[in-house]
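In what follows, a single structure is set out as structure tokens and then discussed.
Read-outs: derived from the displayed coordinates by stated rules, not from any lab. Nothing here was measured: the structure is a model prediction, and the numbers come from that model. As a convention, Cβ positions derive from the backbone with ideal geometry for all residues, glycine included, and neighbour counts pool all protein chains shown.
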Amino acid sequence: MSSFSVTEPSRRSKWFAGTMVILYALITMVPLVWIMMTGFKSPADAISYPPKVVFEPTLEGYVNLFTTRTRQTEEFLAANPPQTWYEEIVREYDMVIAGPSKFGERFLNSVIIGFGSTFLSIFLGTLAAYAFSRFKIPFADDLLFFILSTRMMPPIAVAIPIFLMYRQLGLSDTHLGMILLYTGVNISLAVWLLKGFIDEIPLEYEEAALIDGYTRFQAFYKVVLPQAATGIASTAIFCLIFAWNEYAFAVLLTSGTAQTAPPFIPTIIGVGGLDWPAVAAGATIFLLPVMIFTILLRKHLLRGITFGAVRK
Amino acid sequence: MSDTPATRAAAATPPRVARKIKGLSDRAIAWIFVGPTIFLLLAINIFPLIWTINLSFTNFKANRIGREVKNVGLRNYERILTDSDIWLNMQATAHFLFWTIFFQVLIGFTLAYLINKKFKGNDLWTTIIVLPMMLSPAVVGNFWKFLYQPQIGLFNYVVGFLTGRDPSSFEMLGSVELAPWSIVIVDTWMWTPFVMLICLAGLRSIPDYIYEAAEVDRASKLRQFFTITIPMVLPFLMLAILFRGIENFKMFDLVVQLTGGGPGSTTELTSINLKREAFEKWRTGYASAYAIILFVTVFGLASIYVKALNKVKER
């Protein structure tokens, strides 16, 4: 490109643009950094005024997040010296660890339901997307629009019957029920994104495979699937992020065994109100995987968002 | 290849039969592939929706299963549409929609325009800006509640520091005037990146030669901006507004955690009100009618909007 190109921005405007964007990015980061910092504060530091930027880090929030504790008499504490570093932390408040908290369980539920529904959405979505991309399906456009329109529905509009239906079928508050539900919500996105990716794979590859004597199935999983792998991966991340973050259905349809972390984290109560360091620790652990995903796979994610949106 | 039973059988049989043995017909495969998805959507989305429509004409209460269910005709709809409280919730929702979209478009487009200047390292900063929209709204809302605390919250402290006001003199979540804005701020923080990304896609779709031609015609930079950039990005921008509009109309998790609808009912958006009717007061029939009214509203507005969008695209 010559220096006379009219579309190449001048150095000064680049510098200005860079400064403004970086400024906005830094402001965006403040709440996130604050969450992470609060996770390492002591309860007193977390609610001090003015807010403390420099503080002595402690793992108290994380210990409180993963354990339940009870107050103990001084005689008991003196007779039983602390065994571990986390025992030592709670001893400062005359407490002993009574057992694990429910956070681990809830987090595990998030993992099971998130990955389960992602797997199912991708499995069904890839098959449907392949069929829409390669075969003549009657009313294909109408069907595709129908698939998309299911996404416009407010969750609460269908939550009542699903609640009743799940109670009848014994699916309420089960992992399977939530996996099926999230798959139902995710699949429209999966079909649309994946159809776009499969459309881009040249038809010639499959034709060659078919001429070589492959069946349709073989051509599908030996030729098309490997070609669509990156598309499938980025779609999977979108499905996972949705299922991971979902709150409305989780809070309405689950109460115990299948409850995920988002309804649980805000309920972590300490002595006298919300235990903010523990809440922050829970939020950090919960948000971190998604943040790491986003940073590692930024190219695919950004493409997926714009691509999905622009296609619709 | 040649050792699979299917191909061996195919080699030994006449061509016509071979085709059938080698695999299912394309049409059968198509239905096997699409069928499960359609079935799941019918079971999880369409069937419940039809059920909701049915319930909306009854006085059914989900917490009293044994009770006799009476058909009340259109009475639920009548009661909702004449209820002044619900109109207030609608107003709150409209207010929320208008301001979030206003700020998100303004900031989102500006950011996209700046990022499109291709300065060094823009990729990294774009990723950081995008982070909030990947996070769980419920968890984020819960945490912003902490930032908004008048005595100890970072938000109040920073605002107080910048404006010289006493940080504990205003309560973002507790005061009637400020509570709606506290939601607008968080929603803008979370979702401006979405509008930004779509605008960026729009800006990048404009071919360079159009600007080069404009330059030859000696059109000023400002003129180029208004006659090329804006019209070319407009369809993308309108699409982003459509998605944000639908999503924000359904908005639930963030608001539940931030304000829970309060103080009073100043931030009680329709979806929160609906949840209260359905799962706290257990007026299932009434709530179903409410849900249908909301769904029809979104669908109606969205289809009018899509028509307008298509007109813009045609130009």
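Some observations on this one:
- Number of partner chain Cβ atoms within 10 Å, mean per residue of A:127-133: 5
- Most mobile listed residue (A:Tyr166, A:Tyr62, A:Tyr221) in chain A, GNM with C-alpha springs under 10 Å: A:Tyr221
- Which of B:Met238, B:Ser175, B:Ala43, positive extreme of dipole for chain B (C-beta unit charges): B:Ala43
- Cross-link pairs beyond the 31 Å C-alpha cut-off, checked among A:Lys299/B:Lys250; A:Lys299/B:Lys275; B:Lys120/B:Lys145: A:Lys299/B:Lys275; B:Lys120/B:Lys145
- Computed magnitude of the charge dipole of the protein assembly as shown (debye, nearest 20; Cβ of K, R +1, Cβ of D, E -1): 1880 debye
- Nonlocal amide H pairs with A:Arg69, under 5 Å, H built at 1.01 Å: A:Ala98
- A:Ala233-B:Val159 FRET efficiency (beta carbon distance; Förster radius 41 Å; 0.05 resolution): 0.45
- Based on the reciprocal of the average 1/r between different C-alpha atoms, the Kirkwood radius for segment B:93-133 equals 11.5 Å.
- Principal axis extents of the Cα atoms in segment A:33-107, from largest to smallest and rounded to whole angstrom, are 39, 29, 17.
- Under the Debye formula (equal points on every Cα, no solvent term), log10 I(q)/I(0) of the protein assembly as shown at q = 0.06, 0.07 Å⁻¹: -0.39, -0.53
- Candidate cross-link partners of B:Lys311 among the lysines, defined by an alpha-carbon separation under 25 Å and a same-chain spacing of 8 or more, comprise A:Lys312.
- Zero-based 10 Å bins, Cα pair distances in chain A, whole percents: 5, 19, 23, 22, 17, 9, 4, 1, 0
- Top of A:Met29, A:Met37, A:Met20 by mean-square fluctuation, Gaussian network on chain A, Cα under 10 Å: A:Met20
- Structural descriptor for chain A: relative contact order 27 percent, calculated from alpha carbon pairs under 8 angstrom and at least 6 residues apart.
- Peptide ranges A:64-74, B:58-68 listed from the most packed, as the mean C-beta count within 10 angstrom indicates: A:64-74, B:58-68
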